[in-house]
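Following: one structure in structure tokens, then a few remarks.
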Amino acid sequence: MMRVARTYRHLVAASGAMLATGLLAKKQLSTSDCAATTWPGDSTNYGPGSLSGCTMVVFGGSSGIGLATAILAAKQGANQITIVGRNEERLTSAVKEIKSAATSQTCTVSSASVDVTDEAKVQQFASTFEDGSVDHLVTTPGGSARLGNLIANNRSCDDVRRQFNLKYFAQLAPVLAMSEKIKDHGSITMVSGILSRRTGRGNDALAVSNAAIETTVRCLANDFGFDGRQVRVNCLSPGMTLTPVYGDSDWVKDYQHRSAAAVPLQRNGKPEEMAHAIAFLQTNLFVTGITIDVDGGNVIKP
């Protein structure tokens, strides 16, 4: 045993000497070297930490978080923005609002009416783009089938599939259809919701849909990262956000009031705050596979 111990010590000492005279003698990467490292992308319309000159496609871009994201991109100098929705009137209004926010004189804003629950139509829309022509893809669709408690309401698998079609597949279809259209080192941002981890009661299918989105993001971040393209895939998980999707009924107003009172920051979120988080996910080049919570503290409330 003593002989083995001495041999081990001799090997360690020898290894240390080899490192000292060999590996450590090589040029080490210093802080200044890191600072001088250049962005590896080859797109002249994309730079680290900026949306200036970028091309962006936003599904669900006619209102709410999607519209706020497109407006912020226009303010930050995006070169081409395409918003996708179903309501032609809202799309037309949104295009005007985005154009008025643009800071670049060359910024073009267009819209497309596409039913995101119809994958064939989503694929047809995606085919209008050249491969490698889009810097950032954002998917925000998130309708609720209002299924409530699956057990108490005697729901079926078909009911749950309906919820998945409204949220999960409504976001997965654009991601899959547009995957080859994203530039190397670009980004994809999906949107889930706080229910994935604060399920509460009566939101079963929607909570599962949100969780499916977040798991998909982690899987795709690996797929896109290791395939050499290094497209970053992330997720925004918003808390209660004041968007038109909820309507303005007395019940909704009461629900929003109770939601605000239940979180540490004692208020609900704004679409602009969600857009700010999406812009972070798009422009921080070392972030992929994460879900970022913008929820007023909902996920950590007592």
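We did not get these values from a lab; they are worked out from the coordinates using the rules stated. What you see is a predicted model; the values in this text were computed from it and never measured. No Cβ is skipped: glycine too gets one built from the backbone with ideal geometry, and neighbour counts run over all protein chains shown.
Key figures for this structure:
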item: Residues being of a type in the set (K, R) and over 13 Å from T291 (Cα atoms) - total across the stretch 217-232; result: 1
item: Residue among D135, D131 that alone is touching a Ser or Thr at 6+ places or on another chain (Cβ under 8 Å), closer than 22 Å to T288 by Cα and of a type in the set (D, E); result: D135
item: Filter pass, R146 being among the basic types (K, R) and either part of a loop (DSSP other than H, G, I, E, B) or in contact with a helix residue (DSSP H, G or I) (Cβ under 6 Å, 6 or more places away or on another chain) (or both); result: yes
item: Residues within the stretch 235-272 that are closer than 20 Å to L72 by Cβ and of a type in the set (G, A, S), tallied; result: 3
item: Qualifying residues in the stretch 102-156 (those that are of a type in the set (D, E, K, R) and touching a residue at least 40 places away in the same chain (Cβ under 8 Å)) - the one surrounded by the most Cβ atoms within 10 Å (Cβ to Cβ); result: D135
item: Residue, surrounded by the most Cβ atoms within 10 Å (Cβ to Cβ), within the stretch 256-302, restricted to residues that are part of a helix (DSSP H, G or I) and of a type in the set (S, T, N, Q); result: Q282
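Conditions tested, residue by residue: (1) outside any helix (DSSP H, G or I); (2) under 19 Å from H276 (Cβ atoms); (3) out of contact with any strand residue (DSSP E or B) (no Cβ under 9 Å at 6 or more places or on another chain); (4) among the β-branched types (V, I, T).
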| position | (1), (2), (3), (4) |
| --- | --- |
| G61 | yes, yes, no, no |
| L67 | no, yes, no, no |
| A73 | no, yes, no, no |
| A78 | yes, yes, no, no |
| I83 | yes, yes, no, yes |
| V95 | no, no, no, yes |
| I98 | no, yes, no, yes |
| T103 | yes, yes, yes, yes |
